[in-house]
Amino acid sequence: MTEYAYCPHCDDGVEFDMLELAAQTGLDGVTYSYPAKQAVCKTCGSYASCAPYQKEMGEAFNDAMRTAQDVVSLEKVRDMPKRYHIGKRPLSLLLGWGEITYSRFVEGVVPTPKYSQTIGRLYDNPLEYRNLLKANQHRITGTAYRKSLKAVNAVLEEDYPDAVRLYELAERFFALADDDLTNKAMQKLVYYAQGFSAVLLGHSIVTQEPKAWAAGPVYGQLWHELKEDPSFCSRCSGDDSPFSREEEQLIEAMSFAFRLYSGTMLSEMTHREDPWLKARERAGAVDGEACKEPILMEDIEAYFSGVVEKLDIRIPADIKRYPSMAMKKWGLTS
């Protein structure tokens, strides 16, 4: 279908060519530059008026002004409800704002710096949005909550494979320890749960391979989230456990078996185990040196298979035999 623009010189709707140019607009003493499209009349060569181009130009100017003033872009404002599958009204309520506040921002109203920072931060950090959603779920309907939780989990899975499962496991360990766990201890609990579950349950509770950091096995994204906000897991609301009954039994047994040992002691244990040592050797990393080499799942399964066989660990409750044996074997003290 042929598009037409209005040419004031021809005083008629005309066919046109499109010209890309750099537009400039001054406002309150500030000049803003932005890309624009201009319709050019094919009949006389004069500039013509094309409604879609004028709309795009207005939005480009809006974005240029927002960028210069460090205000979240209109694109992000409009995309966030789609990104997290939540309506504009429920999103406003979730954030503790007036019911139509977010709708006004979508329509082009420029948010204040405080609102702008909140939108930008939640858009760029799906984990923070997930925590907010879980903490404030009472403000929206159950259906809206479940749809948005599913959407943000999908975003997290895309950005950080198996991240949601890691966070759920961390939340569970925090709850069992009454929120008294250091970042270092958490990393090792997740690692040992990964190893023992792979052998005792026939599948691993988490599938993301940890990295062989100087401090032992570490799940990078989980480490950085806990470092930035140590309470991010513990403040999440308590949902029904996402784990099966057998997984829950293993997690509880893990918490009981390792609760007497500090993160530093657990780190020392991992430094003497084959999976971490093999990964460091592959990378040629010396003691204390930073290393991002992954600890291979095949090495984790092989090592813990040997542990389970040697200590005759048949059920999760038997896991407690391992840390006490390891501490004595390697001369470590808690």
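The values are calculated or read from the model by the stated rules, or taken from the named source; none is laboratory data. Small disclaimer: the values here were computed from a predicted structure and weren't measured. Neighbour counts run over all protein chains shown; Cβ positions are idealised from the backbone, glycine included. Just the protein is used for accessible areas: all its heavy atoms, side chains included, with ligands, DNA and RNA removed. Shrake-Rupley method; radii C 1.70, N 1.55, O 1.52, S 1.80 Å.
Here the chain is treated with +1 on each Lys and Arg Cβ and -1 on each Asp and Glu Cβ, and its dipole about the Cα centre works out to around 880 debye. Number of Lys-Lys pairs in the range 1-120 with C-alpha atoms under 19 Å apart and a separation of 8 or more places or on different chains: 5. Can you list which of the DSSP-assigned H helices in the chain have a Cα extent of 24 Å or more along the long axis and an average Kyte-Doolittle score of at least -1.0? Span-like helices, by this rule, are 51-68, 142-159, 183-200. When the solvent-accessible area of the chain is split by element, carbon and sulfur atoms take up 50 percent of it, the probe being 1.4 Å. Along the range 202-217 the Karplus relation, 6.51 cos²θ - 1.76 cosθ + 1.60 evaluated at θ = phi - 60°, assigns HN-Hα couplings of x, 8, 8, 4, 10, 10, 5, 7, x, 9, 8, 5, 4, 8, x, x Hz to successive residues, with x for each Gly and Pro. Grouping the Cα pair distances of the range 275-323 into 10 Å bins from zero gives a pair-distance distribution of 24, 37, 28, 12 percent in increasing distance order.
Springs between Cα atoms under 10 Å define the GNM used for the chain, and in it the highest mean-square fluctuation of Glu309, Glu75, Glu15 occurs at Glu15.
Taking the structure as given and computing Cα Rg over 2.2 N^0.38 Å, which label from (i) 1.21; (ii) 1.08; (iii) 1.39 fits? The listed entry that was calculated here is (iii).
What does the accessible area per residue of the chain come to in Å², with a 1.4 Å probe and no ligands, DNA or RNA counted? Display every interim value, and only then the final one.
Working: 17360 Å² over 334 residues.
Heavy-atom accessible area per residue stands at 52 Å².
Work out the length of the dipole vector of the range 1-145 about its Cα centre, built from +1 on the beta-carbon of each Lys and Arg and -1 on the beta-carbon of each Asp and Glu, and round it to the nearest 20 debye. The partial results should precede the final answer.
Details: 16 positive and 17 negative charges, 221 e Å.
Roughly 1060 debye, rounded to the nearest 20.
Could you sort Cys10, Cys50 by their accessible area in this structure, using a 1.4 Å probe and putting the largest first?
Working: Cys10 45, Cys50 10 Å².
Sorted descending by solvent-accessible area, the residues read Cys10, Cys50.
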